[in-house]
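The values are calculated or read from the model by the stated rules, or taken from the named source; none is laboratory data. Model, not experiment: these values are computed from the prediction. Methodologically, a virtual Cβ is constructed for each residue, glycine included, from the backbone with ideal geometry; neighbour enumeration extends over all protein chains shown. All accessible areas refer to the heavy atoms of the entire protein, side chains included, with ligands and DNA or RNA removed. Shrake-Rupley method; radii C 1.70, N 1.55, O 1.52, S 1.80 Å.
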Amino acid sequence: MTDKPERIDDRYATPEKYTTLRGIYHDARRRLSDIDWNYLSCGTGDEVTLRENTAVFDRIRFEVPLFAGIDNPDTRTNVLGFDLSFPAFIAPFGGGEAVFHPEGHLAIGRAASSAGIQQMVPVAASHSLEDIAKASPVASVFQMTFVGEEAAALDMIERAKAAGYSYICATYSPIRQWRERMMEDRFSLRNENGPSNFGPGRSDPAALKELLAFTKPRWTWAQAADVIKRSPLPCIVKGVSSVRDAQAALDAGAVGLYVSNYGGRTIDRTPTALETLPAIRKAVGKQVPIILDSGIRRGSDIAASIALGANAVALGRLIAYGMAADGEDGVRRTLELLRQEFWTTLGHLGCSSVDDLCEAVLSDGGTSLNLQT
């Protein structure tokens, strides 16, 4: 009897529950009710921006070199002083993420720590900022909406500092969103304990009430700048979608920019984040850290974002899919698959490291995409 031949290539024979992000997506859809799925997947209005966020990545065309002589691609990078296993953060998505799994950002943080990336924690998370910080060592950026009294905002930043966060991610919410799928479903968040970060022993709920009630004028850049400059933690500003606002954020004292249209969930018919990225990078120079979200679905999307000027991306819906499919394990597997696909993309593009990604890896330098430059 002869020995069986050695298997040279077993890369697809994984014992993992999920072999692709597509499988995670379909399992998440299967497990969630129609109402909860609409909450996760909807945008605003006619959802034009929601669709365009992913469609713009579909228009990316890479230029693949021959005999590039690369080393084993190194996916590691450093952004905002954090060593990352690949250029990604957990986006600060919330407002009821425990709908998808009861442990919410507690489980997400543990999975992010296992994957070697950092977590941005939303003020609207289903668990308090302190509990999330205790769950893992990577809860490093706390997102909060600048609304209400400035003193209350500064008090919450003090809470975040005391809990061990390193940065504040400042956001702006002018008015409620027009999400028709949720309106048709008459969706209501199921949180019997109320807002996790507001109430007795936590922060004054007046800011949360003002966010919904809209009884006073919303903040100006001058107010934001005053809080940023008095903040005990450095701030990055999320929602940047123009050169004008990028410069205003830096003038206000922000140490980094977060280019985003909130996944198409705030207002419809706005430019995609990827479209606005090159012009923003060109305007602010190479030294300003830029994070991008909205539309990231693949490791190749991460590569395109870095090539066009981002230092890292932030992952929101993909993480929610993973959590809905299989809790903490689903998030961990999502991050593993993204990193592996990103590694594969680097290799095909002739890049030995994240720093090698630039417009040269895109066909025509990306000019055929009609991006803002």
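Taking the range 65-76 as the range and being assigned to a loop (DSSP other than H, G, I, E, B) and surrounded by 12 or more Cβ atoms within 10 Å (Cβ to Cβ) as the test, the residues that pass are Pro65, Ala68, Ile70, Pro73, Thr75, Arg76.
Considering the range 132-155 alone, what residues qualify as being closer than 28 Å to Glu328 by Cα and of a type outside the set (Val, Ile, Thr)? Those that are closer than 28 Å to Glu328 by Cα and of a type outside the set (Val, Ile, Thr): Ala133, Lys134, Ala135, Ser136, Pro137, Ala139, Ser140, Phe142, Gln143, Met144.
The numbered conditions (1) free of Cβ contacts under 8 Å to residues at least 60 places away in the same chain; (2) more than 15 Å from Pro87 (Cβ to Cβ) are all true for Thr272 except (1).
Condition test on Ala249, is it in a helix (DSSP H, G or I) and modelled with pLDDT of 95 or more? Yes: the conditions hold for Ala249. Among the candidates Val313, Val288, Val331, the residue that is of a type in the set (A, V, I, L, M) and open to solvent by 20 Å² or more (accessible area, probe 1.4 Å) is uniquely Val288. Quick check: anything in the range 152-167 buried (at least 20 other Cβ atoms within 10 Å of the Cβ), at negative phi and in a strand (DSSP E or B)? For the range 152-167, residues buried (at least 20 other Cβ atoms within 10 Å of the Cβ), at negative phi and in a strand (DSSP E or B): present.
Residue check: Arg186 meets all listed conditions (1) on the phi < 0 side of the Ramachandran plot; (2) open to solvent by 50 Å² or more (accessible area, probe 1.4 Å) but one, namely (1). Residues of the range 213-234 being charged (D, E, K, R) and buried (at least 17 other Cβ atoms within 10 Å of the Cβ), which ones? Within the range 213-234, Asp226 is the sole residue that qualifies.
In the range 347-364, the residues that are farther than 20 Å from Glu275 by Cβ reach residues that are aromatic (Phe, Trp, Tyr) and at pLDDT 95 or above with C-beta atoms within less than 8 angstrom, at least six apart or across chains, in these pairs: His348/Phe62; Leu349/Phe62; Val354/Phe86.
Considered as a group, the residues in the range 21-59 that are part of a loop (DSSP other than H, G, I, E, B) and within 20 Å of the chain's Cα centre (by Cα) include one that is surrounded by the most Cβ atoms within 10 Å (Cβ to Cβ), and that residue is Gly43.
Annotation for the range 329-345: no member residue is touching a residue at least 24 places away in the same chain (Cβ under 8 Å) and at positive phi.
Of all residues in the range 105-128, those being touching a His at 6+ places or on another chain (Cβ under 8 Å) and touching a residue at least 40 places away in the same chain (Cβ under 8 Å) number 5.
Quick one: would you say Phe62 is open to solvent by less than 30 Å² (accessible area, probe 1.4 Å), touching a residue at least 40 places away in the same chain (Cβ under 8 Å) and among the hydrophobic types (A, V, I, L, M, F, W, C)? For Phe62, the condition - open to solvent by less than 30 Å² (accessible area, probe 1.4 Å), touching a residue at least 40 places away in the same chain (Cβ under 8 Å) and among the hydrophobic types (A, V, I, L, M, F, W, C) - is not met. Residue-level analysis places Ile236 among those that are within 19 Å of Ala152 (Cα to Cα), in contact with a Phe, Trp or Tyr (Cβ under 8 Å, 6 or more places away or on another chain) and β-branched (Val, Ile, Thr). Screening the range 196-207 for residues that are open to solvent by 50 Å² or more (accessible area, probe 1.4 Å) and not small (Gly, Ala, Ser) and picking the one that is nearest to Gly148 (Cα to Cα) gives Asp204.
So that you can scan it fast, the table gives a plain yes or no per residue for (1) closer than 23 Å to Thr272 by Cα; (2) at pLDDT below 95:
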site: Phe57; (1), (2): yes, no
site: Phe67; (1), (2): no, no
site: Thr75; (1), (2): no, no
site: Asp83; (1), (2): no, no
site: Phe89; (1), (2): yes, no
site: Pro102; (1), (2): no, yes
site: Ala107; (1), (2): no, no
site: Ala112; (1), (2): no, no
site: Ala139; (1), (2): no, no
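Residues of the range 84-122 that are on the phi > 0 side of the Ramachandran plot and in contact with a Leu (Cβ under 8 Å, 6 or more places away or on another chain): Gly95, Gly96, Gly116. If you go through the range 168-183 and keep only what is open to solvent by less than 50 Å² (accessible area, probe 1.4 Å) and closer than 20 Å to Ala224 by Cβ, you end up with Ile168, Cys169, Ala170, Thr171, Ser173.
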